[in-house]
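These notes are about the structure you will find just below.
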Amino acid sequence: MSLVRVLEPEVMDTDEDARAYDSMDHAAVNTAFCDALLSHNPGLAYALDVGTGTCLLPIELCRRVPAARIKAIDLSAAMLELGRRRVEQAGLTEAIALALVDAKALPEPEETFSAVLSNSIVHHIPEPLQVLREMLRVLQPGGLLFVRDLVRPEDEASIAALVDTYTANDTAYQRALFDASLRAALSLDEVREMLRSLRIPPECAQVTSDRHWTLAFRRAS
């Protein structure tokens, strides 16, 4: 019998959570995300990063694409505080704007952004359909929606194996955070069911690693 989704807190808003997340090694995951995103030739004239955390992805994207301009949003003030420091240290305050925003109710009008991206925020949302609907609403015609998140493992043994593989050198608290995130993640079938309701072809979402699914959808011009 497959594991049932177990929700975790929607917002990692304590200083302990933010520091624990920020000190984990995200380099390989972020590099793979940026490689995959840029392979779709997204327009980054004005992009939105939903659930930016400590702003690691926008910083890497702006380093790779100097002309990029990114609005980076999160619902965690603690995450954004660390993110602002990182952006300042990177010298990218003119390229990246951070804001405390609930992704379930984006303030922008329709068709604002040339690309909308998100890494590992969906599993934090109890009902993520509204977040995906908002991402699609603010995406310009011809723009790219690119979302990657964890996929929920089938059984306890798979969770244990992933935790051992990817957090072997982390603290017990960080290992517990990753374990909880895997349990809160969606299955590919659950993701595709949401896409059908948004009239996005379900095959736009695919399992792309031993622990991730990825959605790549370009809105019609």
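Output the helices (runs of 4 or more DSSP H) that fall wholly within region 112-221 and possess 3 or more residues being open to solvent by less than 60 Å² (accessible area, probe 1.4 Å) and either closer than 20 Å to ASP102 by Cα or in contact with a strand residue (DSSP E or B) (Cβ under 8 Å, 6 or more places away or on another chain) (or both), or say none. Helices (runs of 4 or more DSSP H) meeting the threshold: 129-137, 172-184, 188-197.
Listed by first and then second residue, the pairs with beta-carbon distance under 9 Å, at least 6 apart or on different chains, first residue in region 64-91 and over 17 Å from LEU117 (Cβ atoms) and of a type in the set (Lys, Arg), second open to solvent by 20 Å² or more (accessible area, probe 1.4 Å) and not in a strand (DSSP E or B), are ARG84/THR93; ARG86/ASP22; ARG86/LEU56; ARG86/LEU92.
The sole residue among LEU98, LEU106 that is aliphatic (A, V, I, L, M) and either closer than 12 Å to GLU134 by Cβ or not in a strand (DSSP E or B) (or both) is LEU106. When LEU3, LEU82, LEU61 are checked against the criterion of being surrounded by 15 or more Cβ atoms within 10 Å (Cβ to Cβ) and in contact with a Leu (Cβ under 7 Å, 6 or more places away or on another chain), LEU61 stands alone in meeting it.
If you check ALA216, ALA180 for being touching a residue at least 12 places away in the same chain (Cβ under 8 Å) and within 30 Å of PRO109 (Cβ to Cβ), only one passes: ALA216.
For region 34-55, residues that are surrounded by fewer than 22 Cβ atoms within 10 Å (Cβ to Cβ) and either on the phi > 0 side of the Ramachandran plot or touching a His at 6+ places or on another chain (Cβ under 8 Å) (or both) total 1.
Within region 159-204, which residues are in contact with a Leu (Cβ under 8 Å, 6 or more places away or on another chain) and among the hydroxyl-bearing types (Ser, Thr, Tyr)? Across region 159-204, the qualifying residues are SER181, SER197.
The values are calculated or read from the model by the stated rules, or taken from the named source; none is laboratory data. Keep in mind the model is a prediction, meaning the values are calculated, not measured. A quick note on method: Cβ atoms are made from the backbone with ideal geometry, for glycine too, and the neighbour counts reach across all protein chains shown. Just so you know, the surface numbers come from the protein's heavy atoms only, side chains and all, with ligands and any DNA or RNA stripped out. Shrake-Rupley method; radii C 1.70, N 1.55, O 1.52, S 1.80 Å.
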